[in-house]
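Encoded as C-alpha cells, the structure appears first; notes follow it.
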Amino acid sequence: MLWLKALHIVFMVTWFAGLFYLPRLFVYHADCVDEPGHQRLCTMETRLFAIMTLGAVLTLVFGVWLLVGYWLTALPNAGWLHAKLALVALLVAYHGGCWAYMRAFRARRNRRPARWFRWFNEIPGVLLVAIVLLAVVKP
C-alpha cells in the first residue's frame with residue numbers, strides 16, 4: 001500500500017502544479033492584447049492542461065485504489081475521509097472550470113479581468129491545505 005500512497009502523492013503534486021500555474025496563465029491572457037501573445041498563451045495553456053489532467057486522472061486512480069484497499073477498516077468511521085473526498089470533488093469541479101476558461105480564452109470569449117483570475121488562482125491553495133490537513137491529522 002505504501003507504493004500506491006507514494007504514487008498518489010507524486011501525481012497529486014503534478015496535478016497541483018498545474019492547478020497553481022494555469023490560472024496564472026489566465027491572468028496574463030486576460031491582459032494580453034497582441035495576436036502572437038494570444039497564440040503563445042493558448043499553446044501553453046493547452047499543453048499544461050494536458051499534463052495537469054494526466055496528473056489528476058492518475059491521482060484519482062491511485063486514490064480510489066487506496067480507498068478500495070482500506071475500504072473495510074477506514075471508511076465507516078472516517079469522517080475526515082468523507083470531508084477529504086468532498087474537497088477532492090470540489091477540486092475536480094475547479095479543474096473543469098479551468099478547462100472552460102481555457103476554451104473561452106481560445107475562442108476569445110473571456111469576459112473576466114485579470115484581477116478576477118488572481119483571486120481564482122487562490123482556490124487550489126486553500127483546498128490543498130484543507131485536504132492535506134485532513135489526510136495527515138485525521139480529525
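The values are calculated or read from the model by the stated rules, or taken from the named source; none is laboratory data. Since the model is a prediction, treat every value here as computed from it, not as a measurement. To get the accessible areas, we keep the full protein, side chains included, count just its heavy atoms, and leave off ligands, DNA and RNA. Shrake-Rupley method; radii C 1.70, N 1.55, O 1.52, S 1.80 Å.
Worth pointing out:
- Based on DSSP H segments of at least four residues, each scored -39500 (n - 2.57), the chain has a per-residue ellipticity at 222 nm of -29500 deg cm²/dmol.
- Once the Cα atoms are used to define both axes, helix 2-31 deviates from the longest principal axis of the chain by about 20 degrees.
- Highest-MSF residue in the chain out of Thr14, Thr43, Thr59 [GNM, Cα springs under 10 Å]: Thr43
- At 1.306 mPa s and 10 °C, Stokes diffusion of segment 54-139 via Kirkwood alpha-carbon radius, µm² per second: 107 µm²/s
- Taken as Cα centroids, segment 24-44 and segment 70-134 sit 23 Å apart, rounded to the nearest whole angstrom.
- Ordered by solvent-accessible area of protein heavy atoms (1.4 Å probe), largest first, the residues Cys42, Cys32 come out as Cys32, Cys42.
- Accessible surface of the chain, 1.4 Å probe, proportion on carbon and sulfur as whole %: 71 percent
- Using a Gaussian network model of the chain in which every pair of alpha carbons under 10 angstrom is joined by a spring, one finds that among Val88, Val126, Val61 the greatest mean-square fluctuation is at Val126.
- Estimated vicinal HN-Hα couplings, Hz - segment 78-85 in sequence order (Karplus 6.51, -1.76, 1.60; Gly, Pro = x): 10, x, 4, 5, 4, 5, 4, 5
- Angle between the chain longest axis and helix 35-69 axis [Cα atoms, degrees, rounded to 10]: 10 degrees
- Between Ala86, Ala17, Ala114, the Gaussian network model of the chain with springs among Cα atoms under 10 angstrom shows the greatest mean-square fluctuation at Ala86.
- A 1.4 Å probe run over the protein chains yields, for segment 11-139, 59 Å² of accessible area per residue, whole-number rounding.
- Rounded to the nearest 10 degrees, the inclination of helix 123-137 to the longest alpha-carbon principal axis of the chain is 10 degrees.
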